[in-house]
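Reviewing the structure listed below.
The values are calculated or read from the model by the stated rules, or taken from the named source; none is laboratory data. In this text the structure is predicted, and so the values were computed from the model without any measurement. Don't worry about glycine lacking a Cβ; one is built from the backbone with ideal geometry, like all the others, and counts go over all protein chains shown.
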Amino acid sequence: MPAIYDTFFSYRRHDLTRAKALLAALEAAGLRVFRDETAIDEGASITQEIREGIAASKLLLAFYSSTYPLSGACQEELVSAWLASQSAGELPRDRVRIINPEPGFDHIPGLLRDLKAYRLSLEFSELTATASALRAHVDSLEGGLAAAALLPLPEYHGMAPVHAPHFVGRVHELWELHAKLTANRIGLISGVYGQGAAQVRGLGGNGKSLLAREYALRFGPAYPGGVFWLNAYGNDDSKGALDERGRLATRQDQLRRFARDLEVTVEGLKPEEIEEKIESAFWRRLRARGMACLWIVDDLPSGITSSDLQRYWFAPSSSVSTLITTRSREYESLGQQLDLGVLSPEEAMILLTRGRRPENYSEETAARQLTETLGHHPLAVEVAASYMAKVGDGFQQHLGELTDSRQDVLEYGALLRESLPTGHDRSITRTLLNSIQLLGEEGRDFLLLASVLAVAPIERSFLREVFEAVGVEKGIRETVLEALDQADSLSLCEKAGHDSRRVHSLVSRVVRFKLGDSDRAEQLRKAAVGVLCRRLSVAGDVREHAAIANEVAHGRHLTATGLVTKDAASLAGWIAKYDYVRTHYKRARELQEQVLEAFGRLLGEEHPDTLTAMNNLAMTLYDIEDQEALVASHKLQEQVLEAKARLLGKEHPDTLAAMLNLAMTLHAQEDLAGREKLLEQLLEAKFRLLGGEHPEGLIAMFHLGGKPPYALCDLVLLRQFISQGAWMWHVF
């Protein structure tokens, strides 16, 4: 097809206003621009007219805004131009250009960032320069992207080429996958030679199989020799627990079907020769055809040796790209890895609300909280959307059910008859349990611990201290290493920073519901509380706050359900101190009130820890700086002072510290007479106990307005005195 247009302009309809100045500059430069004026639904495929428009153009210019990836039609236009140039033996970067109207590049997939990308500018001179550069490049090109109109889907074997309507997002991952699988085609540029091979790894239910399927459909024309889908049944309940022999038998059955599709005959072969001969004849047929193929091995289990992996599961031909999906991280040395995470918050919202849009702000808030509670996990969000559509629940009602610790609402999805496009199990619990049950004792202990903690990174050193507290049979270093290695290898946790792991909220939930009611889980929880109390003892030093942020998150989670033990109350006290130092007084007050109630109930009203909690609450109330809080602070300080005087004596250092605290509150309440009466008593006691020249005696005189007459309200200077050895807001 001859080139009628210089440029096919690919854009989203709502970006047209931003693009008008650029379009005017392109036309002023003499470029013939094809621009579709008709609206295409977001989920619809591009029309034949659009394909012909791309085919009749020399170059595709994508106006890659932050929302461009959300349009299926735009992505299809871009992929069509890319594959058309590849099929013509050209470099896609010569036939595709990017206009970036955003300040950064994070919204553009890595493979596309390698293209020549132009910044959108509203300056006339810069727009003119961009248009001129594009004109010069277009003039260097011969012919159009003719193959775009003729890109046929390949033959699919082992899978039906039907698009999954609920697939959302994953644009970056699709392009990254294509880069890995076709890097060998441009070995001089990419440095990758031999067979194109990639692994998609990740947590069960994260959408690995669906990503592989969608890639096979969207980028299928890159594999004219065919797409072959081979099930390895690594975690499939329908096949039960397959041993290696059974798995190889199912593999052979699938290969036999592929051979029949390619009309590979077996006449004249003895029964014992059929299996080997069919397989070798099948691969000879593929090589003879001389066309690129895609070989997909779905759900590969862990525990396969490297030699068996290459012998039985990788395609033995450099013209066939091998794509593996697996939960295992054991196969680092074979192919390139794509670690698939959860959906982005926006993608999860699109998936959840596909059948019902939130009607108001409250519903939208509940929907977002629902996706957060599900950890943006694709299968969980998909099941929640299906479940709500079936039973008619709203977002708020389902959120309430999900946060109810008495029922496992996740399992309701298993009751739905609607199947997944990949044929995998809809039960989230079974999906994750298949992996969890493969763990050894060390890995299971790690997940039991994670199930009682927050969804925040767990440091290796924290895990070591907890394991030391509960006692382990092996060496502690070996136990920690095995625990993390077991969970890592099955994608049940992910790295979070240099030396930490994060366990997904759904993994923790499944462990909590299915394994959490055990003595071991309770031992780990108690040990975690004790370790956190020690680690958070530095909460009063703001310089340490960045280092203990994860421990604070875990501590909040452990104490959120109530303070039923002394250690739990102590942990809450340290978290309250963390909040107080950060001037989050309201949150500190709420926690300190719970701590005071717990210590009073567990230890008694006059226990030293109870009085310390009372003093700390009074300190926070004082700093809130309103009259109601000051009155409450005053009342608590009177109780502390009375108890200290009676239990320890009127001249004990703790009693005198309580006296000073109350004096300061009286000053804030403008009760100067009451303040001076207390300070006179304090000064008299200090002089008698320490002598008139002692620093603390001088500080007491300072509080009374001694010579020179400093004001008590100079709290900044006062705090400096205190930091040098005096006793304001003393934690008894």
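Counting the residues of region 71-90 that are out of contact with any Ser or Thr (no Cβ under 7 Å at 6 or more places or on another chain), in contact (Cβ under 8 Å) with a residue 60 or more places away in the chain and aliphatic (A, V, I, L, M) gives 4. Each residue in region 142-160 was checked for being assigned to a loop (DSSP other than H, G, I, E, B), within 20 Å of TYR5 (Cα to Cα) and in contact with a helix residue (DSSP H, G or I) (Cβ under 7 Å, 6 or more places away or on another chain), and 3 of them qualify.
Quick check on this structure: which one of LEU682, LEU704, LEU660 is modelled with pLDDT under 70, over 20 Å from GLN592 (Cα atoms) and of a type in the set (A, V, I, L, M)? Walk me through how you get there before you give the answer.
On the way: LEU682 fails: modelled with pLDDT under 70; LEU660 fails: modelled with pLDDT under 70.
Of LEU682, LEU704, LEU660, the one residue that is modelled with pLDDT under 70, over 20 Å from GLN592 (Cα atoms) and of a type in the set (A, V, I, L, M) is LEU704.
Matching residues to (1) touching a residue at least 60 places away in the same chain (Cβ under 8 Å); (2) assigned to a helix (DSSP H, G or I); (3) over 37 Å from the mean Cα position of the chain (by Cα); (4) in the same structural domain as TRP574 (by TED's automatic domain parsing):
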{"residue": "GLU590", "(1), (2), (3), (4)": "no, yes, no, yes"}
{"residue": "ASP609", "(1), (2), (3), (4)": "no, yes, yes, yes"}
{"residue": "ASN615", "(1), (2), (3), (4)": "yes, yes, yes, yes"}
{"residue": "GLU628", "(1), (2), (3), (4)": "no, yes, yes, yes"}
{"residue": "HIS634", "(1), (2), (3), (4)": "no, yes, yes, yes"}
{"residue": "ARG646", "(1), (2), (3), (4)": "no, yes, yes, yes"}
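The set of residues in region 260-301 being at pLDDT 90 or above and either more than 28 Å from GLN86 (Cβ to Cβ) or not assigned by TED's automatic domain parsing to the domain that holds TYR223 (or both) consists of ASP299, PRO301. When we screen GLU651, GLU597, GLU638 for residues that are charged (D, E, K, R), over 26 Å from THR561 (Cα atoms) and in a helix (DSSP H, G or I), the only hit is GLU638.
Checked across region 92-109, the condition of being acidic (Asp, Glu), touching a residue at least 12 places away in the same chain (Cβ under 8 Å) and not in a loop (DSSP other than H, G, I, E, B) holds for at least one residue. The numbered conditions (1) buried (at least 18 other Cβ atoms within 10 Å of the Cβ); (2) over 29 Å from THR403 (Cβ atoms) are all true for GLN337 except (1).
If I go through region 345-366 residue by residue, how many of them are surrounded by 15 or more Cβ atoms within 10 Å (Cβ to Cβ), not basic (Lys, Arg) and not in a helix (DSSP H, G or I)? Total satisfying the criteria: 2.
Each row is one residue, and each column tells you yes or no for (1) surrounded by 20 or more Cβ atoms within 10 Å (Cβ to Cβ); (2) in contact with a helix residue (DSSP H, G or I) (Cβ under 9 Å, 6 or more places away or on another chain); (3) assigned by TED's automatic domain parsing to the domain that holds LEU453.
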{"position": "ALA483", "(1), (2), (3)": "yes, yes, yes"}
{"position": "ARG501", "(1), (2), (3)": "yes, yes, yes"}
{"position": "VAL510", "(1), (2), (3)": "yes, yes, yes"}
{"position": "VAL542", "(1), (2), (3)": "no, yes, no"}
{"position": "ALA547", "(1), (2), (3)": "no, yes, no"}
{"position": "ALA560", "(1), (2), (3)": "no, no, no"}
{"position": "TYR580", "(1), (2), (3)": "yes, yes, no"}
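Per this entry, LEU255 is counted among residues that are more than 34 Å from the chain's Cα centre (by Cα) and either modelled with pLDDT under 85 or in the same structural domain as ILE304 (by TED's automatic domain parsing) (or both).
On inspection, VAL391 fails the criterion of being surrounded by 18 or more Cβ atoms within 10 Å (Cβ to Cβ), out of contact with any strand residue (DSSP E or B) (no Cβ under 9 Å at 6 or more places or on another chain) and on the phi < 0 side of the Ramachandran plot. Remark: pairs (first residue in region 497-520, touching a residue at least 60 places away in the same chain (Cβ under 8 Å); second residue of a type in the set (Asp, Glu) and part of a loop (DSSP other than H, G, I, E, B); Cβ separation under 9 Å; 6+ apart in sequence or on different chains) = ARG509/ASP408; VAL510/ASP408; PHE513/ASP408; LYS514/ASP408.
Looking across LEU439, LEU432, one residue alone is modelled with pLDDT of 85 or more and in contact with a Gly (Cβ under 7 Å, 6 or more places away or on another chain). It is LEU432.
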